Structure formats: structure tokens, C-alpha cells
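The values are calculated or read from the model by the stated rules, or taken from the named source; none is laboratory data. In this text, all values refer to a predicted model and were calculated from it rather than measured experimentally. Reconstructed Cβ throughout: ideal geometry from the backbone, glycine too, with neighbour counts over all protein chains shown. For accessibility, only protein heavy atoms count, side chains too; no ligands or nucleic acids. Shrake-Rupley method; radii C 1.70, N 1.55, O 1.52, S 1.80 Å.
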Amino acid sequence: MVAAVIGAVAYGYNHETKKSAATGQTTASTTSNKVAATTTKKSAPAVVPAKNYCTNNTLSQLVLVSISKQHLWACDGTTTAYDSPVVTGMESYAADLTPPGTYHIYAKETNIDLKGCDATGCWDDPVSYWMPWLDNQYGQYGFHDATWRTPSEFGNVNIYAPYTASVVGSHGCVELPLATAKWIYNWSVVGTTVTIES
């Protein structure tokens, strides 16, 4: 019985649809036992442009890092050439926080081991790309890949968590996904300006 009703409705709809020769538009007439043809057009969602963090840059190359946003932007003048989530240092320890300020990449190396010790212990981390930009009383700070992290950790680590937590910030460096480290390494030059903001 249900199949017969559906078939009758479809038959009624197919035979009541007409194409106007004058306009070329299809119209459907309806009665109480016919199906109305309705088309709802959905509008596309509005595209919200991403904020350009390079707008006020006056340098030919700048790497801008936001500690609070856990993000990096590589600026070609006022154009954002690349951006990526990052992991910065553990804020609870003076030797391990990422120090705000303006610096310059002073070396570029590949395939090295980063070794050091501080109040949280010692580490020996092999990295593919190393771009240091600061030496101070606590050691060297720079950009490097961190393949020991899962992709979801970049941009999402609690940098205020104690060292005993399961996932913590870096020892002060700006840790990058491998693809980002490779891109920054190839794009930057010795002397590229680095600005670290809170």
C-alpha cells in the first residue's frame, strides 16, 4: 500500500512538472495529493580573514613568536609567509622559560644532539634542524624540531605545568614540528630577526 502511494505521488509529480518555453524555468503545480517541488538555496558561510601578525613588520624577514598563543609567524615584510603552532619553555623555571625580546639567528646546523642540564634534570635530544638565537647564563636558546612530540601537542602544551606533569613545555627553546623546522631553516638566513612576545 505504501509503495503504491509513493509511486502515485511520484507519477503525479512527474506529470505535473512543466517547463516554460518562454523562460526555460521548470515549475511544478501542486494540489492536496501532489508533492511540491521546493528548492532551498543555502548561502555560503562568511569567510573570516585570519589576522595578519606581520602587518606592522618593517624588516625583510622576521620570525615572530607568541608565547601566550603558542604560535609562530614568519614574515616576508608585511606578508605572512608561514605560520605554525609551537611549544615554548616551562614558565615556572627561570632557566626554562622562553625569554621575551628581540634576537637574531646566529647559526644554522643540521643533525645535531642538543645536550644540557638544569634544575629539572638533563637531556640529550637529537634534532634535524637547529637555529640558535640567544646565549645567556642558562645556555643556548633557539628553534629546533621536536619529533618526540605528537602533532597535537604543538600549540596545546600547558607551559605552566610543573616538570612532573606528563606533558610539559620545552627547556626554553621554541620547539617546532619537523616540517616547520625544515621550512624555517630553508627560508631564514643567519641574521634573521626573531621577536619573542609574551
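Summary of values
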item: Peptides 85-96, 59-70, 113-124, 139-150 ordered by average Cβ neighbours within 10 Å, highest first; result: 85-96, 139-150, 59-70, 113-124
item: Value in Å of the Kirkwood radius, where segment 115-170 supplies the Cα pairs that are averaged; result: 12.8 Å
item: For segment 48-170: accessible area per residue (Å², 1.4 Å); result: 51 Å²
item: Segments 153-160, 173-180, 72-79 sorted - mean Cβ within 10 Å per residue, highest first; result: 173-180, 72-79, 153-160
item: Euclidean distance between Cα centres, segment 55-93 to segment 119-184, Å; result: 15 Å
